[in-house]
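What follows is a single structure, written as structure tokens, with notes after it.
The values are calculated or read from the model by the stated rules, or taken from the named source; none is laboratory data. Note that the structure is a prediction, hence the values are computed from the model and not measured. Note: ideal-geometry Cβ built from the backbone for every residue, glycine included; neighbour counts use all protein chains shown. Calculation scope for accessible area: heavy atoms of the full protein, side chains included, ligands and nucleic acids excluded. Shrake-Rupley method; radii C 1.70, N 1.55, O 1.52, S 1.80 Å.
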Amino acid sequence: MADLVISPARGQSQAVRLLLRWSLYAALGFFVVIYLMPLFVMVTTSLKSLEEIRTGDLVALPREVTFDAWLTAWSGACTGIKCEGVQPYFWNSVLIAVPGVAISTLIGAINGYVVAQWRFRGANIIFALMLFGCFIPFQVVLLPMARVLGIMGIAGTIQGLIFVHVVYGLGFTTLFFRNYYVTIPVELTKAAKVDGAGFFRIFWSIFLPLSLPIIVVTVIWQFTQIWNDFLFGVSFSQAGTQPVTVALNNIVNSTTGVKEYNVDMAAAIIAAFPTLLVYVVAGKYFIRGLTAGSVKG
Amino acid sequence: MAPILEIQNLYKNYGSLEILKDINVSIDSGDFLVLVGPSGCGKSTLLNCIAGLEPISGGKLSIGGQDMTNVSPKDRNIAMVFQSYALYPTMSVAKNITFGMKVRGVDQSTQEAKLAQVAQQLQIEPLLGRRPGQLSGGQRQRVAMGRALVRDPKLFLFDEPLSNLDAKLRVEMRTEIKALHQNLAASMVYVTHDQIEAMTLATKIVVMKGGEIQQIGTSAEIYNRPANLFVADFMGSPAMNLIPAKARSNDDGTYIEILRKDGEPIVLTDQVNRDLPSDVIHGVKHKTLDRRAASPLHRVTCSSR
């Protein structure tokens with residue numbers, strides 16, 4: 001029916017449709033260019049020599065590709081008085097992010113499991129308070145946290161930074177897991193109880209194996225948060241324990257003489273690379289996991 | 001012999017809200033007890049109390065002669081089948097059935113023997129390697145039953161196990177549960193809101209409403225001699241017709257007068273002099289009406305409840 005009505009105007013409408021389609025592509029292409037331009041400039045600049053940067057065009061491709069800047073950024077650039085590149089700080093970030101992500105994810109999973117499946121008096125209030133923790137700005141917790149770290153004797157250490165990130169991340173990880181676990185029927189827990197399984201047995205054998213999508217979401221979220229964090233990193237670290245974001249800042253800001261843009265760019269890409277990698281590897285699970293709660297398994 | 005399940009003066013409150021009030025039930029070994037009532041009557045809560053999944057607020061509960069009031073579910077020697085089947089989604093059917101034994105530390109060979117026996121009994125051998133997600137509703141139901149059977153419990157608990165199945169399958173599974181009950185001589189407690197299920201399965205029915213027991217009895221007792229108006233109205237399909245009427249008695253017998261808006265009152269007589277209040281509700285079951293009679297009213301039997 002609809003076809004019949006349209007058919008006289010078909011030739012024209014096809015042309016219009018083609019035009020619309022192409023303008024859509026043009027618009028998308030435009031935004032892609034805008035979005036990728038900084039990355040393009042960063043990559044090309046990092047591959048140029050200083051000489052070429054000074055004389056050449058910002059958006060031009062390098063005439064001569066050189067990885068010197070990358071080598072310098074990795075192991076030779078100066079952060080203040082030391083000149084060992086971002087390498088040691090990169091590993092600091094790994095040492096902070098990996099345990100930080102693992103611990104906050106695991107505790108978040110247990111919290112979510114308790115709040116969603118072992119309803120106790122006040123469970124909702126506790127959950128609401130944890131949720132509130134998500135909205136406390138970083139700056140507010142700086143001073144109290146510094147005091148707590150001092151009392152615990154882990155101020156300025158890697159452990160201290162792990163602790164800070166775990167505490168700050170718990171609100172989010174708990175929220176993620178709680179929202180995932182409330183969609184699982186309580187009868188499952190009841191059946192396992194009748195079968196004789198206890199609190200942790202039910203968690204390990206039944207809930208954790210179900211949780212892959214939400215674990216991926218939580219890991220991506222936490223990893224990005226912890227890896228990209230600057231404020232906690234700069235506030236609670238000392239020489240030798242700074243994360244890569246702080247080192248990057250120091251490299252860019254503590255130049256003597258000529259500003260080495262190529263080194264700065266290479267260092268920035270190195271610092272951003274792990275989060276990029278995590279998204280590429282696990283990105284499709286991220287979207288799937290975010291919507292997983294709405295579908296019954 | 002001690003009753004297999006004995007509940008004495010059981011109360012259950014959530015805060016100040018009374019969910020169950022003064023429940024007293026006991027069943028003997030081999031009984032099939034059905035808890036029936038409209039939704040929200042507390043029947044599922046009562047089942048959860050029996051299972052130990054909900055703590056009780058007052059009273060006493062014993063299973064197989066042992067006091068189980070404060071015993072955790074795993075030590076009550078029970079098995080339970082849930083409405084949503086509650087199969088563990090990431091485990092195969094075989095693992096689902098053996099999970100309880102694994103938790104209790106039963107040795108591997110016993111586990112396998114029992115699994116094989118139950119799988120054969122329920123004809124689910126081809127499904128053992130599958131995940132619950134790959135099963136149909138009826139198959140999941142069987143697996144859930146297998147998980148209960150493998151335990152050899154003193155008491156089976158069923159929480160509306162058939163309400164998620166289509167009508168045809170529901171009748172089939174009903175027959176199967178009945179057969180299982182007879183073959184195993186098992187004791188069962190079964191919750192349903194479907195009174196046909198209750199009538200066909202039970203050796204003993206508990207009709208509940210608003211957290212209180214309305215009547216306990218066999219299917220025939222509940223059907224033929226309902227204890228109160230609620231039971232009379234709730235049980236039986238089609239429901240009993242309940243007609244307000246006036247009663248009076250003299251030496252000749254009892255007269256029930258059904259007043260009509262547009263006509264003479266219909267008067268029913270009974271030879272026996274029954275002591276009735278003047279305002280009564282006259283109940284008529286459809287099966288007591290005889291269509292062949294010229295005037296059905298002459299065939300109505302007078303039940304003086």
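Here are the numbers:
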{"item": "Pair-distance profile P(r), taking every C-alpha pair of chain B, with 20 angstrom steps and integer %", "result": "29, 47, 20, 4"}
{"item": "Gaussian network model of chain B, springs between alpha carbon atoms under 10 Å - residue of B:Gln271, B:Gln214, B:Gln123 with greatest fluctuation", "result": "B:Gln271"}
{"item": "Most positive-pole-ward Cα, A:Ala191, A:Phe177, A:Ala97, against dipole of chain A from beta carbon charges", "result": "A:Ala191"}
{"item": "Cα-centre dipole for the protein assembly as shown with unit charges at Cβ (Lys and Arg positive, Asp and Glu negative), debye to 20", "result": "580 debye"}
{"item": "Buried on assembly, the range A:173-204 (at least 40 Å² less accessible surface than by itself, 1.4 Å probe)", "result": "A:Glu187, A:Leu188, A:Lys190, A:Ala191, A:Lys193, A:Val194, A:Asp195, A:Gly196, A:Arg201"}
{"item": "Inter-chain shielding of B:95-105 (mean C-beta neighbours from other protein chains, 10 Å cut-off)", "result": "3"}
{"item": "The protein assembly as shown - Rg over Rh from alpha carbon coordinates, Kirkwood radius", "result": "1.18"}
{"item": "Projected area averaged over orientations for chain A, convex hull of C-alpha atoms, nm²", "result": "25.0 nm²"}
{"item": "Point-charge dipole on Cβ atoms (K/R +1, D/E -1) for chain A, about Cα centre, debye to 20", "result": "1160 debye"}
{"item": "Whole-number accessible area per residue in Å² for the protein assembly as shown, which is evaluated in the context of all protein chains at 1.4 Å", "result": "52 Å²"}
{"item": "Protein accessible area in the range B:57-206, 1.4 Å probe - carbon and sulfur %", "result": "48 percent"}
{"item": "Computed accessible area, A:Leu129, all protein chains, 1.4 angstrom probe, square angstrom", "result": "110 Å²"}
{"item": "Peptide A:140-151 - average C-beta neighbours from other chains (10 Å radius)", "result": "0"}
{"item": "Given charges at beta-carbon only (K, R positive; D, E negative), |dipole| of the range A:187-277 in Debye", "result": "280 debye"}
{"item": "Most fluctuating residue given options A:Val246, A:Val16, A:Val194, as computed from a GNM of chain A linking Cα atoms under 10 Å", "result": "A:Val16"}
{"item": "Filtered trypsin sites (Lys or Arg not before Pro), the range A:216-289: DSSP coil and at most 14 other beta carbons within 10 Å", "result": "A:Lys259"}
{"item": "Axial C-alpha extent at least 27 Å, average Kyte-Doolittle at least 1.0 - helices from chain A (DSSP)", "result": "A:10-46, A:87-117, A:261-292"}
{"item": "Partner chain coverage, peptide A:85-94 - average Cβ within 10 angstrom", "result": "0"}
{"item": "Sum of side-chain charges, A:Val114 neighbourhood, beta-carbon under 14 Å (Lys, Arg +1; Asp, Glu -1)", "result": "+3"}
{"item": "Interface area, A with B, accessible, probe 1.4 Å, both sides summed, Å² nearest 100", "result": "1800 Å²"}
{"item": "Sulfur and carbon atoms: percent of accessible area, the range A:175-259 [1.4 Å]", "result": "64 percent"}
{"item": "GNM result for chain A, Cα springs below 10 Å: residue of A:Tyr261, A:Tyr180, A:Tyr25 fluctuating most strongly", "result": "A:Tyr25"}
